[in-house]
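Report on the structure given below.
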Amino acid sequence: MGAVIVRAALALVNAQECEDFCFAIEGERIAAISPFETLRERFPDAAVRMHGAGVAIVPGFINGHSHAYQILLRGTGDDLPFARWRTEALYKIVPGLSPEDVRRTFASAFREMLSSGVTTVAEFFYLNGRGNAHAEAAIQAARETGIRLVFARCWMDAPAAPADFRETVETAAERTGELMTRFPDAHVCVAPHSVHGASPEMIRAAGEFAREAGCRLHIHVAEASYEVEQTVAQHGMTPLRLLESLDVVNERLVAVHAIYMEEAEKKMLAGASAAVIHNPVTNQYLGDGICDVAGLLELGVPVGLGTDANINASILDEMRAAAFLQKLAHHDAGAFDAVRAFRLGTSLGAQALGIDAGDFRASSYADYAVIDLERLNPPASPLINALIYRARSDGVRETYVGGKLRAASGSSS
Ligand SMILES: [Zn+2]
């Protein structure tokens, strides 16, 4: 594809409204941001793509934590307490999936995400007990649909987990390494499940693997109160302190949930330059609790958002839920605003995952969504507030990943 000049009547750039915003795309990335005439001179042969009156472009949304196959639990898993949800829905449905089931399910979930403006998804993937065929099917689904994938490859060895999820440390390391070599576009990283899903030995080994590979380490941590009680009873320390003792609290750590944490533990995350992914819709759906997003941001921790159980695979919904939960937790409508919610779903999410996206910047990926202003009522009041508090996924008219159209008018291409 030759260079393309994008000219938008309205854009959200660094969370600010910007009129007649223009940039050039070369390959998958933004080559330059300049006034239209300057770009015309510099890229005389470029095609011009206009996003005119009635729409605004925004950075593509970053989904920092998803289990795509949980769309199969919709209906079956609703309204069950967590322990029953896990055994009667998750463990009943997911282990039996074939690689072809995974490919179809993931493609369906990824299309849903793309049509709601999501351009990057971090998939936390469990089905590794029988080899890499399932993982390859998930990566194939990302390639088919065009979504940018961060493949957080789970490591799990807890005896209570289904055999289809379990591996030894050696096997998990070998298979993860193989995926990294074969699929450089999948941003493969390592993801020991949690302090209850992976043994301390496995978590420590995953930390060493991440250090050698130079990749992130995603892990579920401090999601529910029972997890804290159980970890203190078994190991004499809280989940985060256990992770610290296993040498994984560092700049590679992506702590998923981070709900039940003492102040000192939040500071530990900040001091280590670790990141957090918050999943506010799933946390409400499963009755988990509320992450102190406002407090973590104040300490400088990058917090992104995830659709986790994929109740509805939309980061627009997650941004809204994140803002509402902070207002509710602090009993203060001023405790969290639309701009911060927007950053969670875009620039901070990208920072947490280590992906060069989440805003319009020279050299970052040309990943963006086109919002139909006519579906917002009123359309600009200001735009970022309309987007966070009123926009719905069907108000996303088009989604571009690496400059390529991947979804249009609610159905992906
Ligand atoms: Zn999860």
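Scanning the stretch 37-73 for residues that are open to solvent by 50 Å² or more (accessible area, probe 1.4 Å) and within 16 Å of the ligand (Cβ to nearest atom) yields one hit, 72.
Within the stretch 266-294, residues that are on the phi > 0 side of the Ramachandran plot reach partners that are away from the ligand (no atom under 14 Å from the Cβ) and assigned to a loop (DSSP other than H, G, I, E, B) with beta carbons closer than 7 Å, at six or more positions or on different chains, in the pairs 273/251; 289/260.
Under the condition of being away from the ligand (no atom under 16 Å from the Cβ) and more than 14 Å from the chain's Cα centre (by Cα), the residues counted in the stretch 143-161 number 7. Identification of helices (runs of 4 or more DSSP H) wholly contained in the stretch 227-312 with 1 or more residues that are of a type outside the set (A, V, I, L, M) and away from the ligand (no atom under 16 Å from the Cβ) yields 239-245, 263-271, 293-298.
In this structure, residue 122 does not satisfy being within 16 Å of the ligand (Cβ to nearest atom), open to solvent by 10 Å² or more (accessible area, probe 1.4 Å), of a type in the set (A, V, I, L, M) and not assigned by TED's automatic domain parsing to the domain that holds residue 368. State yes or no: is residue 308 closer than 30 Å to residue 219 by Cβ and among the acidic types (Asp, Glu)? Yes: the conditions hold for residue 308. A single entry from 284, 326 fulfils the requirement of being open to solvent by 60 Å² or more (accessible area, probe 1.4 Å) and polar (S, T, N, Q): 284. Against the condition more than 16 Å from the ligand (Cβ to nearest atom), in the same structural domain as residue 142 (by TED's automatic domain parsing), under 26 Å from residue 86 (Cβ atoms) and of a type in the set (Ser, Thr, Tyr), how does residue 199 come out, does it pass? Judged against the criteria, residue 199 is a match. Does residue 103 qualify as being among the basic types (Lys, Arg) and touching a residue at least 12 places away in the same chain (Cβ under 8 Å)? Here the answer is yes, as residue 103 does meet what is asked. If you go through the stretch 200-233 and pick out every residue that is over 22 Å from the mean Cα position of the chain (by Cα) and either closer than 26 Å to residue 263 by Cα or open to solvent by 40 Å² or more (accessible area, probe 1.4 Å) (or both), you end up with 14. Kindly indicate whether residue 84 is assigned by TED's automatic domain parsing to the domain that holds residue 318 and either open to solvent by 10 Å² or more (accessible area, probe 1.4 Å) or touching a residue at least 60 places away in the same chain (Cβ under 8 Å) (or both). The answer is yes for residue 84.
The values are calculated or read from the model by the stated rules, or taken from the named source; none is laboratory data. Note that the structure is a prediction, hence the values are computed from the model and not measured. Ideal geometry is used to build each Cβ from the backbone, glycine not excepted, and the neighbour counts take in all protein chains shown. Note: accessible area is taken over every heavy atom of the protein model, side chains too, but ligands, DNA and RNA are not part of it. Shrake-Rupley method; radii C 1.70, N 1.55, O 1.52, S 1.80 Å.
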